[in-house]
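I have placed the structure first, in the form of structure tokens, so that the comments after it can refer back to it.
Values quoted throughout were computed directly from the atomic coordinates according to the rules given, and no laboratory measurement underlies them. What you see is a predicted model; the values in this text were computed from it and never measured. Positions of Cβ are generated from backbone atoms using ideal geometry, with glycine treated the same way; all protein chains shown enter the neighbour counts.
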Amino acid sequence: MNSFKIAIVNFKRNIKTYGLYVMAMIFSVATYYNFLSMRYNPQFLEHEEASGYIQSTAMSASVLMVIFLVFFIVYSTNFFLNQRKKEIGVYAFMGIDNSKVGFIFASEGLLLGLLSLIIGLGVGILFSKLFMMILAKVALLNMKIDFFISKKAIIGTIIVYSIILMFTFLKGYISIIRSNLIDLINSLKKEEELPKVNYFKGIVSIIIIGIAYYVAINYEKIGFGTSLLTTILLIILGTYWLFGSFFSMIIRHYINKKSFLYKGVNIVSFSNIAFRIKNNYKTLTAVAVLITTCITSFGTVSSLKYYVEKNRKIEVPYTISYVSDNKEQIDKADEIIKKSKNTIKLKERTNFFYVPDNEVVVIKLSDFKDILSGLGVEDREDIISQFNLSKNEVGYIERPQTMMSLIETDGIKIKDKKYDIKVSTKVPLFGNGLNFPCIVVNDKEYEILKANFIEHQFNGIILDNPKNIKDLTFQLAELLSPKESSLYTSFVADASFYDFTGIIYFLGSFLFLVFVFGTGSIIYFKTLSESFRDKGKYEILKKLGMTDLEIYKSVSKQVGISFILPLIVGSIHSIVSILVLSNMMKFNLLIPTIMSIGIFTLAYGIFYIFTIRKFMSIVQQ
Amino acid sequence: MKVVLETRKLKKEYGSKDSIFKAIDNIDLKVYEGEFLGIMGPSGAGKTTLLNMLSTIDKPTSGNIYYEDKDIGNMKNRELSVFRRNNIGFIFQDFNLLDSMSVEDNIALPLALSKVNSKEIKSKVEKLSSFFGLKDQIKKYPYQLSGGQKQRVAAARALITSPSIVFADEPTGALDSKSSQELLQCLSKMNEEFNTTIIMVTHDAFSASYCKRILFIKDGKIHTRIDKDSSRKEFFKRIIDLLGSMGGGVDELF
């Protein structure tokens with residue numbers, strides 16, 4: 001039997017054990033292929049506006065995925081090799097030289113990878129039409145999608161995976177070649193010992209995370225780039241120590257609190273956790289960081305989607321809006337609207353002037369208040385109460401299409417006069433028809449400033465259940481020259497609007513799924529390796545009279561804690577980061593955040609249930 | 001005297017129809033309260049099989065086992081587990097301590113699972129650990145203990161539920177002679193002071209000499225039984241003689 005044959009035999013025998021890994025891999029290959037192939041899809045390429053977005057989004061999504069894949073594949077392969085040190089030791093014991101043993105075990109991972117690559121490509125191609133169709137749908141692109149196989153994408157996928165797989169193959173091979181027989185044998189006998197608790201690190205970890213949060217929230221003072229990098233580094237270090245020391249502290253506390261410990265199965269599950277945390281904390285940290293990335297990125301894309309939906313009210317507050325001071329023209333426009341058999345719900349006429357130097361428009365406070373109540377803005381009382389402006393103070397309303405601003409200014413100069421920006425916010429005002437930031441000034445101040453600029457009149461009309469907007473738009477365009485009057489209607493909005501956030505959202509969701517799959521698999525493997533160690537313990541406990549139900553309870557607790565700790569930590573981290581995002585976007589992102597955490601928890605919960613079932617079946621064999 | 005454990009026509013068979021192997025063949029047995037019973041016999045005689053059935057870990061092919069007139073053959077799995085936890089104590093050859101728990105937690109385990117009040121558990125643990133000379137070891141973990149200490153922890157754990165019977169399966173098998181002697185003295189003391197009923201399987205004549213009565217098993221049947229009526233030394237001699245006459249036993253010893 002040559003070594004390649006042994007590898008194949010091993011591979012066949014272990015394929016069941018690696019089922020989840022293979023599934024995760026197949027899914028990732030299929031997704032990666034589709035990410036690549038959408039860049040070459042002929043129908044998408046035809047759509048000029050969207051294709052740019054699709055290209056760049058798909059590009060960044062696939063880069064993110066490669067980073068994750070490298071981590072996932074290297075981690076899993078490493079894990080499998082460590083699991084099988086005993087077997088490796090046996091081969092080495094029989095006198096097979098290290099390079100051969102290395103080849104046998106490393107090529108197993110390679111075979112596993114290649115198998116997933118082939119199946120994954122098949123699955124990816126099979127579902128590519130569906131994938132593209134859904135993408136076109138969420139991006140609101142109206143197009144027909146044909147079945148399409150992209151050779152370039154196939155080659156791209158094969159290249160990327162081959163490189164990663166070759167890399168892990170070499171890594172595994174080298175690590176086996178370098179291992180000594182004595183280490184391999186001792187790794188089996190190594191008795192677990194109760195870890196020492198480092199109180200210093202435990203307490204400091206909380207402080208570090210606290211500082212990281214502080215830095216993240218105060219990104220304006222520190223600078224966005226520095227703040228981001230510092231936060232990431234501090235969070236990783238803090239989380240590492242949190243699991244390494246802080247949780248040991250907490251669990252040790254519970255171990256010593258006998259009134260808690262001596263209550264049913266707690267004694268079993270908590271003792272196991274306390275004993276294991278030293279072996280597990282690296283994995284727990286990795287999982288917590290992955291969860292953070294997962295929830296944050298999904299939270300971000302769903303926030304964008306949510307934002308676009310909500311922001312429509314800010315971008316298109318009126319059915320029709322235009323700028324004109326010509327009385328005759330305005331009357332004519334009114335007549336046209338009347339003829340269209342639409343009922344007018346609101347007619348807003350406001351004076352403003354444009355400041356070319358700053359590219360802002362200026363209105364007076366009383367008008368601002370009128371518009372807010374006219375548009376029926378939620379919590380307008382709150383907003384208006386903040387606009388208690390003195391002579392030198394102004395309010396700043398963001399440009400409707402601004403998604404986020406990284407630079408905060410606290411002053412503005414209009415016609416050689418300096419004003420402090422007292423409040424800065426984002427509310428529906430003029431919409432995209434006047435796509436500029438708006439400065440709200442005190443009424444008296446407005447009258448003074450007005451003399452230096454040309455005043456215009458803004459006309460905004462809201463129709464009740466608008467009909468025939470297309471025709472109406474064309475008729476109005478004839479009357480008012482659209483460029484001068486900045487004519488903007490809900491028809492224009494719909495026509496120029498295709499949902500690029502839809503594309504991001506869709507790809508983000510797929511990426512999210514791949515991440516969830518990967519994260520779930522990592523913690524699943526880790527828990528399984530524990531189950532093999534705990535098998536003996538539960539056999540003893542059974543002899544001592546522990547019932548099956550009690551064993552189940554104890555396992556659920558033990559596994560549950562190693563699932564839930566990283567989830568809690570990861571969720572808190574991501575809540576903070578989305579909080580920062582929401583601050584940048586001047587938008588409340590509570591709903592998408594809760595949604596993202598909810599969806600993640602659901603998917604994660606499924607992994608939890610599978611893990612417990614597998615754990616029980618191993619323990620009760 | 002009160003009968004704690006009784007078996008009637010106990011049988012255990014392995015294998016299929018063509019080749020039935022009778023591990024235990026029609027054993028009738030009565031164990032009285034406060035007894036220290038030894039079970040001896042050559043390898044493969046069925047000692048451990050008998051012990052496993054008596055201690056409810058294994059089920060007989062036929063026949064009945066009564067604990068104080070209660071037939072445990074009718075009990076369901078769950079019931080049996082709880083029964084085992086509350087009425088039976090175990091001491092195994094390889095200790096079977098949980099290495100993730102401290103000594104005190106190991107001793108407390110059976111009561112903790114039964115959700116007994118934690119203060120009550122603590123005081124019981126304290127009492128037993130001083131009885132077995134483990135006072136200084138209470139916060140340690142099994143990997144920090146010697147074999148003899150480990151087995152005493154196991155004995156303390158076996159006693160904490162105040163069981164009606166303690167089963168000991170080759171308890172000195174993994175111990176050096178000094179630790180063995182200490183443990184056996186502990187068991188004797190336990191038997192005398194707490195009137196604990198003990199059933200011990202062993203193939204070591206020295207260990208067996210601490211018992212009050214010994215049952216010899218061969219080929220799944222009771223071969224003979226002898227009672228201790230004189231000093232331990234003399235009893236030891238009688239055991240050796242008997243093992244010699246049974247064949248095989250002495251070879252195993254030396």
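Note on B:113-125: average number of Cβ atoms from other chains within 10 Å of each residue's Cβ is 4.
Working from label points 7 Å from Cα in the Cα-to-Cβ sense, the A:Leu114 to A:Lys313 distance is 5.9 nm.
Using the Stokes-Einstein relation with a Kirkwood hydrodynamic radius computed over Cα pairs, the translational diffusion coefficient of chain B at 20 °C and a viscosity of 1.002 mPa s comes to 114 µm²/s. Model label points for B:Ala174 and A:Asn198, set 7 angstrom from Cα along the Cα-to-Cβ axis, are 3.3 nm apart. Here the Kirkwood formula, the inverse mean of 1/r across different C-alpha pairs, assigns chain A a hydrodynamic radius of 28.8 Å. As a test, work out the antiparallel percent of DSSP beta bridges whose residues both lie in the stretch A:320-494, rounded to the nearest 5. About 75 percent, rounded to the nearest 5. The loop-placed trypsin sites (Lys or Arg not before Pro) in the stretch A:6-77, going by DSSP, that have at most 11 neighbouring Cβ atoms within 10 Å of their Cβ come out as A:Lys16.
Among the trypsin sites (Lys or Arg not before Pro) in the stretch A:136-175, those placed in a DSSP loop whose Cβ has at most 10 other Cβ atoms within 10 Å are A:Lys144.
Residues B:Arg157, A:Arg84, arranged from fewest to most other Cβ atoms within 10 angstrom of their Cβ, appear as A:Arg84, B:Arg157. Our estimate of slack between A:Glu447 and A:Ile232, defined as 0.36 nm per intervening residue step minus the Cα-Cα distance, is 72.4 nm. Among the lysines, select those whose C-alpha is under 24 Å from the C-alpha of A:Lys196, and discard any that sit fewer than 8 residues away in the same chain. Filter leaves A:Lys257, A:Lys258, A:Lys278, A:Lys282, A:Lys526, A:Lys537, A:Lys557, B:Lys135, B:Lys139, B:Lys140, B:Lys150. Farthest towards the positive end of the charge dipole of chain A, among the residues A:Phe4, A:Met65, A:Val362, is the Cα of A:Phe4, using unit charges on the Cβ of Lys, Arg, Asp and Glu.
Take the alpha carbon atoms of the stretch B:176-199, find their center, do the same for the stretch A:435-490, and report the distance between the two centers in whole angstrom. The distance from the Cα centre of the stretch B:176-199 to that of the stretch A:435-490 comes to 100 Å. By the helix-only formula, in which each DSSP H run with n ≥ 4 contributes -39500 (n - 2.57) and the sum is divided by residues, chain B has a 222 nm mean residue ellipticity of -11500 deg cm²/dmol.
Here the extension length gained between A:Lys100 and A:Asn82 equals 4.7 nm, from 0.36 nm per residue of separation less the Cα-Cα distance.
Applying 1/(1 + (r/R0)^6) with r as the Cβ-Cβ distance of A:Gln621 and B:Glu79 and R0 = 22 angstrom yields a FRET efficiency of 0.45.
For the stretch A:350-394, GluC sites (Glu not before Pro) meeting the loop criterion (DSSP other than H, G, I, E, B) and having at most 12 other Cβ atoms within 10 Å: A:Glu359, A:Glu378. Computed from the C-beta positions of A:Lys391 and A:Ala477, the FRET efficiency with R₀ = 41 Å rounds to 0.45. Extension gain, B:Gln144-B:Lys189: 0.36 nm per intervening residue step, less the Cα-Cα distance, totals 13.6 nm. For B:Met200, what residues show an amide H to amide H distance below 5 Å, using hydrogens built from the backbone and excluding near sequence neighbours? Those lying under 5 Å, H to H, from B:Met200 are B:Leu37, B:Gly38, B:Ile39, B:Ala168. With the helix formula -39500 (n - 2.57) applied to DSSP H stretches of n ≥ 4, chain A reaches a computed 222 nm mean residue ellipticity of -24000 deg cm²/dmol.
Take the Cα of A:His253, step 7 Å toward its Cβ, do the same at A:Lys345, and the gap between the two points is 5.4 nm. Between the amide H of B:His223 and those of B:Phe216, B:Ile217, B:Lys218, distances stay under 5 Å, these residues lying 5 or more places away or on another chain, with hydrogens modeled in the peptide plane. Tilt of helix A:48-83 relative to the longest C-alpha principal axis of chain A, in degrees (0 to 90, nearest 10)? In chain A, helix A:48-83 runs at an angle near 20 degrees to the longest axis. A cut-off under 9 angstrom between Cβ atoms defines the neighbours of B:Gln93, and their net charge, with Lys, Arg +1 and Asp, Glu -1, is -3. DSSP beta bridges confined to chain A are antiparallel in about 75 percent of cases.
What the Cα atoms of the stretch A:57-214 give is an Rg and a Dmax of 22.7, 66 Å.
Report the calculated FRET efficiency for A:Ser60 and A:Lys152 (r = Cβ-Cβ distance, R0 = 22 Å), to the nearest 0.05. Between A:Ser60 and A:Lys152 the formula returns 0.75. Overall, the stretch A:520-621 carries a charge dipole of about 140 debye about its Cα centre when +1 sits on the Cβ of Lys and Arg and -1 on the Cβ of Asp and Glu, all other atoms neutral. Across the stretch A:467-621 the C-alpha pair distances fall into 10 Å bins from zero in the proportions 9, 24, 19, 16, 12, 8, 6, 4, 1, 0 percent.
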